[in-house]
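Chemist: Before I ask anything, here is the structure I am working with.
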Amino acid sequence: MSVGTMHVTEREKELAAIIAAYNEVTDQLKRAHDNLGQEVRHLREELARKNAELRRRERLAALGEMAAGVAHEIRNPLSGIRLFASLLRRDLQDRPAELGTVAKISKCVNVLEEIVSDILHFGRPTTPNPAPVRLEAVVRQAVELAASRMQEAAVRFEVGDEVNGFELVTDAALLERALTNLLVNAAEASVPVGVAGGGARVWVRADRNTTDRVAVRVEDNGPGIPPELMDRIFNPFFTTKDNGTGLGLAIVHQIAETLGGSVRAANRAGGGAVFTLLIPARYEESPAGSEEFALGQSREEVL
Ligand code: ADP
């Protein structure tokens with residue numbers, strides 16, 4: 001009997017070993033299956049993301065084309081109004097009341113011309129013109145422009161010392177335009193808050209995101225961006241301002257991509273907004289496009 005029992009026990013052991021091996025293989029297969037399932041889900045999401053971005057680009061291109069067409073049509077009569085206003089100004093030199101009205105017409109023409117220029121800029125694909133440039137020079141120029149656009153509003157612009165250290169090869173004019181838009185927005189957002197206390201403040205800071213990318217941040221002490229609007233602020237023509245065009249950030253987004261980089265919006269822990277422009281330190285002919293911030297929520301939204 002005991003021999004038979006031993007025999008059974010050994011067989012049982014063998015069987016147990018086989019079952020254990022079988023379970024092991026099954027577990028491995030299950031893990032492989034789960035991993036594959038996860039990979040497929042990930043790829044599906046990636047595909048959906050790319051498709052959404054593609055649709056967004058197509059819509060933007062169509063919108064840009066249409067807007068540029070309208071802007072072109074507006075540009076000529078606008079130059080006519082500007083010309084007639086200047087003729088009137090000449091003829092009305094001795095009539096101050098009427099001269100005041102002409103000045104108002106000219107001011108409105110300026111505003112319209114800025115809008116038309118924004119629309120044309122937005123609608124036109126740009127090929128960068130890269131050259132060596134010091135980041136600090138571009139930032140200073142943008143700050144000067146933004147400050148002049150803010151006119152009498154008292155805004156303190158502060159440029160971090162570290163901005164001095166960056167030498168880039170990029171399109172300085174495009175970068176300046178993007179930074180100016182961010183600075184004007186930051187200043188506009190911080191003025192009402194600044195009036196309430198502490199003064200309106202805007203900071204520009206920079207750091208090397210990776211060895212070949214530079215992050216330029218524009219921060220303000222305004223109210224920040226309401227979370228429910230985060231998804232929409234980069235969309236062309238989205239604005240919460242009475243006299244806004246909603247093109248400022250769309251242009252920044254377009255420029256960031258043109259320079260091979262990206263832009264991201266967030267709120268600062270201590271209040272206010274922070275926009276981070278991430279661009280290659282050296283622009284390359286066919287940049288692979290940046291995926292660091294790519295398709296973040298605020299950019300993914302399809303019009
Ligand atoms: P516009 O300035 O003509 O409104 P933009 O595209 O530049 O157009 O900005 C879109 C919207 O994003 C603004 O109307 C505002 O609601 C929001 N926004 C932009 N910058 C800031 C900021 N620094 N702080 C808070 N909100 C901002």
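Chemist: Can you compute the modelled spin-label distance between Arg90 and Asn23, with each label point 7 Å from Cα toward Cβ, in nm?
Modeler: Placing both labels 7 Å along Cα→Cβ, they lie 9.9 nm apart.
Chemist: To continue, here is another question. Full-extension gain between Leu54 and His42, please, as 0.36 nm times their residue separation minus the C-alpha to C-alpha distance.
Modeler: Values: separation 12, 0.36 × 12 = 4.32 nm, distance 1.81 nm.
Extra length available between Leu54 and His42 comes to 2.5 nm.
Chemist: While we're here: What does the highest-first list of 163-173, 19-29 look like by mean Cβ count within 10 Å?
Modeler: 163-173, 19-29
Chemist: Treat segment 166-279 as a sphere of radius equal to its Kirkwood radius over Cα pairs and apply Stokes-Einstein at 20 °C in a medium of 1.002 mPa s; give the translational diffusion coefficient in µm²/s, rounded to a whole number. Present the calculation step by step, with values, prior to reporting the outcome.
Modeler: Numbers: Rh = 14.4 Å.
Stokes-Einstein gives a translational diffusion coefficient of 148 µm²/s.
Chemist: Roughly how many Å is it from the Cα centre of segment 116-159 to that of segment 256-281, as a whole number?
Modeler: For segment 116-159 versus segment 256-281, the Cα centre distance is 15 Å.
Chemist: Percent of alpha carbon pairs in the chain separated by more than 32 Å? Let's see the in-between values first.
Modeler: Details: 20078 of 45753 pairs.
More than 32 Å apart: 44 percent of the Cα pairs in the chain.
Chemist: Applying the Karplus parametrisation 6.51 cos²θ - 1.76 cosθ + 1.60 with θ = phi - 60° to the phi angles of segment 39-54, what ³J(HN,Hα) value in whole Hz is obtained for each residue in order, glycine and proline being reported as x?
Modeler: These are the phi-based 3J(HN,Hα) values: 4, 5, 4, 4, 5, 4, 4, 4, 5, 4, 5, 5, 5, 4, 5, 5 Hz.
Chemist: For the chain, what is the mean residue ellipticity at 222 nm derived from helices alone (per DSSP H run of n ≥ 4: -39500 (n - 2.57); sum divided by total residues; nearest 500 deg cm²/dmol)?
Modeler: Details: 6 runs with 173 residues, N = 303.
Helices in the chain give a 222 nm mean residue ellipticity of -20500 deg cm²/dmol.
Chemist: If you stretched the chain out fully between Asn76 and Leu120, how much longer would it get, using 0.36 nm times the residue separation minus the C-alpha to C-alpha distance? Intermediate results must be reported in sequence, preceding the final value.
Modeler: Values: separation 44, 0.36 × 44 = 15.84 nm, distance 1.33 nm.
Length gained, Asn76 through Leu120: 14.5 nm.
Chemist: Compute, for segment 94-152, the length of the dipole vector about the Cα centre, with Cβ point charges of +1 (Lys, Arg) and -1 (Asp, Glu) only. Units Debye, rounded to 20.
Modeler: Values: 7 positive and 8 negative charges, 28 e Å.
In total the dipole reaches around 140 debye.
Chemist: Comparing Ala61, Ala71, Ala103, which has the greatest mean-square fluctuation in the GNM of the chain with Cα pairs linked when under 10 Å apart?
Modeler: Ala103
Chemist: With all protein chains present, how much of the accessible area of the chain (probe radius 1.4 Å) comes from carbon and sulfur, to the nearest whole percent? Before the final figure, lay out each step's value.
Modeler: Details: 10040 of 18040 Å².
It is 56 percent, rounded to a whole number.
Chemist: Could you give me D for segment 173-216, from Stokes-Einstein at 10 °C and 1.306 mPa s, where the hydrodynamic radius is the Kirkwood radius over C-alpha pairs? Units µm² s⁻¹, please.
Modeler: Values: Rh = 12.0 Å.
The diffusion coefficient I find is 133 µm²/s.
Chemist: Return the tail of the calculated pair distribution for segment 85-133, meaning the percent of Cα-Cα pairs more than 12 Å apart. Please report the intermediate quantities before stating the final value.
Modeler: Working: 834 of 1176 pairs.
For segment 85-133, the fraction of Cα-Cα distances above 12 Å is 71 percent.
Chemist: Just to verify a number: FRET efficiency for Thr127 and Ser148, C-beta to C-beta distance, R0 = 22 Å, to 0.05?
Modeler: Numbers: r = 28 Å, r/R0 = 1.28.
Efficiency computed from Cβ-Cβ geometry: 0.20.
Chemist: Same structure again: Express the Stokes-Einstein translational diffusion coefficient of segment 1-129 in µm² s⁻¹, to the nearest whole number, given a Kirkwood radius over alpha-carbon pairs, 37 °C and a viscosity of 0.692 mPa s. Provide the component values of the computation, followed by the final result.
Modeler: Working: Rh = 22.4 Å.
Value of D from the Cα-based Kirkwood radius: 146 µm²/s.
Chemist: Let me ask you something else. In whole Hz and in residue order, list the ³J(HN,Hα) couplings for segment 144-156 that follow from phi through the Karplus curve 6.51 cos²θ - 1.76 cosθ + 1.60, θ = phi - 60°; x for Gly and Pro.
Modeler: These are the phi-based 3J(HN,Hα) values: 4, 4, 5, 4, 5, 6, 7, 6, 7, 5, 8, 10, 9 Hz.
The values are calculated or read from the model by the stated rules, or taken from the named source; none is laboratory data. Bear in mind the structure is a predicted one, so any value in this text is a computation, not a measurement. As a convention, Cβ positions derive from the backbone with ideal geometry for all residues, glycine included, and neighbour counts pool all protein chains shown. The protein model used for the area step is the full one, side chains on, heavy atoms only, and it has no ligands, DNA or RNA in it. Shrake-Rupley method; radii C 1.70, N 1.55, O 1.52, S 1.80 Å.
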